[in-house]
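Here, each number is a calculation from the coordinates, and none is a lab measurement. Please read these numbers as outputs of a predicted model, since none were measured by experiment. Positions of Cβ are generated from backbone atoms using ideal geometry, with glycine treated the same way; all protein chains shown enter the neighbour counts.
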Amino acid sequence: MDIFLQQVINGLVQGSLYALVALGYTMVYGIIELVNFAHGEVVMVGAMVGLSVIERLAARGDTGWGVIAIGVLVAIPSCMALGLGIERVAYRPLRKAPRLAPLISAIGVSIALQQLAALIWGRNYLHYPDVLSNPQFHIGGAVITQVQLVILATTGILMLLTWLIVQKTALGRAMRASAQNPSVAGLMGVNVDRIIALTFLMGSGLAAVAGVLVGTYYGVGNHTMGFMLGLKAFTAAVLGGIGSLNGAMLGGLLLGVIENLGAGYLGSVTNGTIGSNYSDVLAFIMLIAVLVFRPSGLMGERGSEKV
Amino acid sequence: MNKRILIWLLCLAVVLALPFGTDALLGRSWVRLLDFALLYAMLALGLNIVVGYAGLLDLGYVAFYAVGAYLYAMLASPHIGMHWPLWALLPMGALLAASFGAVLGAPTLGLRGDYLAIVTMGFGEIIRLFLRNLNITNGPAGIDLIDPIQIGGFSFGSSHSLLGWDLPSIYSYYFLFVVLTALIVLVSYRLSDSRIGRAWAAIREDEIAAKSMGLNTRYLKLMAFAMGAAFGGISGVLFAGFQGFISPESFTMGESVMILCMVVLGGMGHLSGVIMGAILLAILPEAFRPLSQFQQITFGHVWLDPANLRMLMFALALIMVMILRPEGLWPSPVRRRELHPNDAMPASAQKEGP
Amino acid sequence: MPRQLIPIVLSLITLGLVSCGKTSAPNSAATGEMTVLIGASNPMTGPQAHLGKDNENGTRLAIEDANALGMTIGGKKVKFELVSEDDAADPKTGTIVAQKFVDQKVSGVIGHLNSGTTIPASRIYSEAGIPQISPSATNPKYTHQGFKTAFRVIPNDTQQGGELGRYVASKIGAKTAAVMDDTTQYGQGLANQFEEAAKAAGVMILTHEHTDDKATDFQAILTNIKAKKPDIIFYGGMDAQSGPMMKQIRSLGIPAKFITGDGGCSTEFLSLAGTSGEGAYCSLPGMPIEKMPKGEDFKKRFNAKYGEIQDYAPYCYDAVMVMIDAMKRADSALPAKYLPELAKSNFDGVTAHISFDDNGDLKGGVITVYQLRSGKWVALETLGAKP
């Protein structure tokens, strides 16, 4: 039972990170119906920028959560600028183009960011400096560390904030309107272009925080870390129902827990034939299953395809 | 008419003389590179059917390459101990890849562009992960000591004497690949101008309109996947025999993206453009090699890794091509008109082939 | 019509420009002098570039030393020349480099660095009859393909995994073990060898888990392992994974001892694992440079010219020297002539006494076990048959 609890705790922590990134995917898709392939890479940039900042501070001898916070504060505007730039340069010119074009452009952006990061930071796995003492707490027979608690708290607060902005503010109303019907929203006086840019801004900001948290949690940063993370976060968004904020959050947590339980028990359940090295395959299969059998996801509306 | 025949003869002469010329100018390893480039050309032509003709963005195309390669590797090497001949394995590879194409395509039939791309990407990764983890495919170690390709008694893997002249194995492979590429080009050309080709074009432009005109879009999409996959499988079989060694590392998503780049940058749907894209992108890594040597000599350290630089250039090229010239660098005039509907039509516009 | 010619013209121009990058063929002067080309293939770009450069430096030092001796082979004065290429640790590029070397008619090849590139390239060298000595590829398969031209001057993973397996049973006193690998040729091979040897020595293997060489989150697997309470955890794989893995092991509160192979025996592991790495064990093939027969002297000279030794430079040095020694004894630099002499080598190198068994493996290979103490790797013991 302890082991089960441990897996669930790990799963929730990992899942909340997925949820944070999934919010970015779902908001962008809701408004311009494009899968922002580059979003995972924006998370990676956040992690790497944070890494550089934290490295500098650690070299001076600073330690503690303040260092991490400064890293986050520097990463956020960087990622926001990046997100805005991507939207303006690679997506906006292609809004009226045939379906294939913005998709290919998105793939191009994703690869370009990866390669730029490799050129700037190198291809090695870089080390997130040890600036935290990270005490452990015991719940039953399971262990939860301070970092894990901070991740849960931070992601929870951010998700709440996002939900509040989207549901309770005028800006949020404009966002929801643009997502429902951009042309009519425009007629109602909403500057749709501006709203789209703001959506990217918000998503990228969340991505920055997620990036630094991931780097702190696992202790490594690398130019390839965005790909798998982005794919899994997208799976989470689809699982929960793309376009739905609650869906993204639920999907993220669910995916994290399923992945951990799966990796932990897959080997024992299948008696060694399918081991934990298949856990990535599990994520992909889930994605395909959801897209094929229930494309609207768990919390999405069952609608017919918009023509 | 005469001009056309002249051009064809010129091209034929260039193609036949290319290995000899390259060897003399650049050295034999470049001829080997040319062989790889032809394999990529076959792959690009296959993906061209899926992406260029039918408009389906397949991001996991390399899986069919892997299927063909592993089939040949398992049945023509000491791995299981079977040594089947090429005339059996080549069609088997094509068929097996085609069935994989149909199986992978089936669940995606109802999906739209974005989702289709991601699902195909997922499939590509799943196949690679399985190849990497299954015992029968020898896991990450891959399969080596694969039989070189043989037709009749003629082994492509060893050098031969032809009329007193030396014919090294990479030359033999070159001519074999040229023949097969030409066959694939022929099939693609006939397809594009057939009922199926025109049906694919209809789906590409507006699927709902196509459906309402009575086209069986499900069947047509499956056909596109299967045919494209078949070509990929053929290339895979040849690859395994040529390199003598395969491992899951050769079939990553990066490769799928490379092949996509070749099709998109070269000219989606245009056969000459696709082949040009394939050859250009295949030889570019070697062309970048002097850059790293230059950096080593000047700085003693490689600051800008040419592999990353190269991929960065591809990615930026993709974005720019999509924004400025989505029909590719060497498109068919029909396609260019399609994608720039607001440009004035030149007075001398003739209808040329794809 | 002109439009169709443009791409052809462009391609021809590209070909022309690119031919500037072609390396020129060696000139064998008929003036009683000859140039002997020795090829070296290493990853000069990418994450292992520092190791590749290190290898190249070791090879270069040997060639310079050999030239300084002013040798005569077959009646001609000999000048050795290094041809260094970048294989980017990629198997396909490795085969292209191998083809290049064959075209340039090198007399021998020192390389490649990784097992993944060495093995496919070895077929090309074997078909061309060019002797190949790898200073760092440890996968056993390399010398078990039946190629007469494949040699190595470093112990292979069979020896490494085997010795470690016996070590944990006898010296660490472990009764139970959990094994993990990264599903690569190197990691899985090493882990399997370890498991076999440990089992034979009486250790009970509780589970064998797999991850991959890109993963950073092992908590699900480790939680599973925690439930089984093993005495030790063995990981076959690289430091990029074993570092974070070590951290997660300790933060999950798993008390087991951690053992890994040469992939984790690096300074990278020290920084990635941080304080949680204390007490971990790793192994390196061969012995610490200070214990090598001519190690201290080599270290001094190498440091003076190229700086710190990363890993395999002394092995590269020995590989070149053993090759040249064989050429001397055969009195010829032609591969066909000196290959039999190479197989019969009996040479006192910097790293060890070098002689090859029937497969081309190093006879009498040893490995050294290290432990992380106070943030540094400390050599504990050297294991293995002494020649």
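Quick notes
- Amide N proximity, the stretch A:69-111 versus A:LEU171 label position 7 Å along Cα-to-Cβ, cut-off under 15 Å: A:77, A:80-81, A:84
- Label sites at C:ARG301 and B:MET313, each approximated as a point 7 angstrom past Cα along Cα to Cβ, lie 4.2 nm apart.
- Among A:VAL131, A:THR169, A:TYR25 - extreme Cα towards positive end, dipole of the stretch A:2-293, charges at beta-carbon: A:THR169
- Angle of helix C:313-330 to the longest C-alpha principal axis of chain C, folded into 0 to 90 degrees and rounded to 10: 40°.
- Relative packing of peptides C:137-148, C:34-45, B:39-50, B:284-295 - highest average C-beta neighbours within 10 Å first: B:39-50, C:34-45, C:137-148, B:284-295
- When B:HIS83, B:HIS270 are sorted by how many other C-beta atoms sit within 10 angstrom of their C-beta, beginning with the fewest, the order is B:HIS83, B:HIS270.
- Full extension of the chain segment joining A:LEU164 with A:ALA197 gains 10.0 nm, where the gain is 0.36 nm per residue of separation less the Cα-Cα distance.
- Note on C:LYS291 and B:LEU16: their simple-model spin labels are 6.7 nm apart, each label 7 Å out from Cα toward Cβ.
- Top of C:THR117, C:THR183, C:THR260 by mean-square fluctuation, Gaussian network on chain C, Cα under 10 Å: C:THR183
- Most mobile listed residue (B:TRP330, B:TRP84, B:TRP303) in chain B, GNM with C-alpha springs under 10 Å: B:TRP303
- Among B:VAL51, B:VAL334, B:VAL62: highest mean-square fluctuation, GNM of chain B, C-alpha pairs under 10 Å: B:VAL334
- Backbone N atoms of the stretch C:187-205 closer than 11 Å to the 7 Å Cα→Cβ label point of C:THR176 belong to residues C:204-205.
- Among the residues of C:118-127, the average count of other protein chain beta-carbon atoms within 10 Å of the residue beta-carbon is 3.
- The distance between label points at C:HIS50 and B:LEU324 comes to 4.0 nm (points 7 Å beyond Cα on the Cα→Cβ vector).
- 10 Å-binned pair-distance histogram of the stretch A:2-293 (Cα, whole percent): 7, 27, 35, 22, 8, 1, 0
- Calculated FRET efficiency for the pair A:SER296/B:LEU183, C-beta based, R₀ 51 Å, to 0.05: 0.70
- Paramagnetic reach from C:LYS199 (point 7 Å along Cα→Cβ, amide N under 18 Å) across the stretch C:213-233: C:231-233
- For the stretch B:19-252, a crude dipole built from +1 on the beta carbon of Lys and Arg and -1 on the beta carbon of Asp and Glu, taken about the Cα centre, is about 500 debye to the nearest 20.
- MRE, 222 nm, helices only [DSSP H, n ≥ 4, -39500 (n - 2.57), over chain B, to nearest 500]: -23000 deg cm²/dmol
- Among the helices of chain A, those built from whole DSSP H runs whose Cα atoms reach 30 Å or more along their own axis and whose mean Kyte-Doolittle hydropathy is at least -0.5 are A:2-32, A:39-60, A:65-86, A:100-121, A:146-168, A:192-218, A:245-269.
- Between the helical axis of C:185-200 and the longest alpha-carbon principal axis of chain C there is an angle of about 50 degrees.
- Spatial extent of chain B: Rg and Dmax, with the Cα atoms as the point set, Å: 20.9, 66
- When both the stretch C:215-236 and the stretch B:12-66 are represented by their alpha-carbon centers, they are found 45 Å apart.
- Considering only GluC sites (Glu not before Pro) in DSSP loops that have at most 15 other Cβ atoms within 10 Å, the longest stretch of chain A without any of them is A:1-300.
- Evaluated with a Cβ-only charge set (Lys, Arg +1; Asp, Glu -1), the stretch A:2-293 carries a dipole of roughly 860 debye about its Cα centre, given to the nearest 20.
- Helix C:219-228 and the longest principal axis of the C-alpha atoms of chain C enclose an angle of approximately 50°.
- Cα centroid of the stretch A:40-82 to Cα centroid of the stretch A:222-243, whole Å: 21
- Each Lys and Arg contributes +1 and each Asp and Glu -1, all at the Cβ; summed about the Cα centre of chain C, the dipole is approximately 160 debye.
- Rg/Rh ratio calculated on Cα atoms of chain C (Kirkwood radius): 1.03
- In the protein assembly as shown, the ratio of gyration radius to Kirkwood radius, Rg to Rh, stands at 0.97 when only Cα atoms are counted.
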